[in-house]
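K.L.:
Attaching a single structure in structure tokens format; questions to follow.
The values are calculated or read from the model by the stated rules, or taken from the named source; none is laboratory data. Values in this document were obtained by computation on a predicted structure and should not be read as measured data. Neighbour counts are summed over all protein chains in view; Cβ atoms, including those assigned to glycine, are modelled from backbone coordinates with ideal geometry. Please note that ligands, DNA and RNA were not included when accessible areas were found on the heavy atoms of the full protein model with its side chains. Shrake-Rupley method; radii C 1.70, N 1.55, O 1.52, S 1.80 Å.
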Amino acid sequence: MDNSLRGKTALVTGGSRGIGKAIARALYGAGARVIIAGRDPKALIRAAKEIGEIICVPADVRKDVKKLFRYVDRLDILVNNAGGMEHLGKFEKTGLAAWKSTFELNLFSVRRRRR
Ligand SMILES: NC(=O)c1ccc[n+]([C@@H]2O[C@H](COP(=O)([O-])OP(=O)(O)OC[C@H]3O[C@@H](n4cnc5c(N)ncnc54)[C@H](OP(=O)(O)O)[C@@H]3O)[C@@H](O)[C@H]2O)c1
């Protein structure tokens, strides 16, 4: 642990697996207080068991930003990592709802405020 981020609080959305989990691990390793968010509570707990003493908040960034910030008292580092294209398929078979959901996840979630 290098402690260069000691005293800092970091929030990593999509921190339960993949790139987000790796970032959360690195931030924790540098001494930050780390909060991870994602939809699947079991995946969050699995990640926390691997990483260490971090805070898990089950939240869908498309709609739970206010809920998420109930658990975030201060914020020094924000990693807007949650994203993906899970709802998109072949263009001609992908409905408007899927496009909207994809934009909510990858674009508007970043802009949403806590208040
Ligand atoms: N891997 C690549 O090659 C690559 C390339 C370019 C860009 N990216 C971008 O990098 C980011 C991470 O990629 P990855 O490959 O590590 O993704 P991943 O393995 O699919 O992990 C995605 C993470 O985001 C969470 N997530 C998904 N939808 C969410 C939602 N609505 N609300 C909250 N959390 C949500 C997932 O948890 P839950 O499913 O439990 O919510 C998971 O923790 C994404 O934004 C992706 O688009 C990745």
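K.L.:
Restrict the check to the stretch 100-108 and report whether at least one residue is charged (D, E, K, R) and farther than 23 Å from LYS8 by Cβ.
P.N.:
Yes.
K.L.:
Could you check SER109 against (1) assigned to a loop (DSSP other than H, G, I, E, B); (2) within 14 Å of the ligand (Cβ to nearest atom); (3) touching a strand residue (DSSP E or B) at 6+ places or on another chain (Cβ under 8 Å) and say which number it fails?
P.N.:
(1)
K.L.:
For the condition closer than 19 Å to ASN106 by Cα, open to solvent by 70 Å² or more (accessible area, probe 1.4 Å) and under 12 Å from the mean Cα position of the chain (by Cα), what is the one hit in ASP60, ASP40?
P.N.:
ASP40
K.L.:
I've got another one for you. Test each condition in (1) surrounded by fewer than 17 Cβ atoms within 10 Å (Cβ to Cβ); (2) away from the ligand (no atom under 16 Å from the Cβ) for GLU104 and report the one that comes out false.
P.N.:
(2)
K.L.:
Within the stretch 41-62, is even one residue on the phi > 0 side of the Ramachandran plot and within 10 Å of the ligand (Cβ to nearest atom)?
P.N.:
Within the stretch 41-62, not a single residue is on the phi > 0 side of the Ramachandran plot and within 10 Å of the ligand (Cβ to nearest atom).
K.L.:
Please work out which residue is surrounded by the most Cβ atoms within 10 Å (Cβ to Cβ), limiting yourself to the stretch 63-101 and to residues that are in contact (Cβ under 8 Å) with a residue 12 or more places away in the chain and of a type in the set (Val, Ile, Thr).
P.N.:
That would be VAL65.
K.L.:
On to the next question. I want to confirm something. Restricting to the stretch 10-37 and keeping residues that are surrounded by 22 or more Cβ atoms within 10 Å (Cβ to Cβ) and touching a residue at least 60 places away in the same chain (Cβ under 8 Å), which single residue is nearest to the ligand (Cβ to nearest atom)?
P.N.:
Filtering the stretch 10-37 for residues that are surrounded by 22 or more Cβ atoms within 10 Å (Cβ to Cβ) and touching a residue at least 60 places away in the same chain (Cβ under 8 Å), the one nearest to the ligand (Cβ to nearest atom) comes out as GLY14.
K.L.:
Consider CYS56 against the criteria (1) hydrophobic (A, V, I, L, M, F, W, C); (2) modelled with pLDDT under 95; (3) closer than 17 Å to LEU27 by Cβ: it satisfies all of them except one. Which criterion is unmet?
P.N.:
Evaluating CYS56 over (1) hydrophobic (A, V, I, L, M, F, W, C); (2) modelled with pLDDT under 95; (3) closer than 17 Å to LEU27 by Cβ leaves (2) as the failure.
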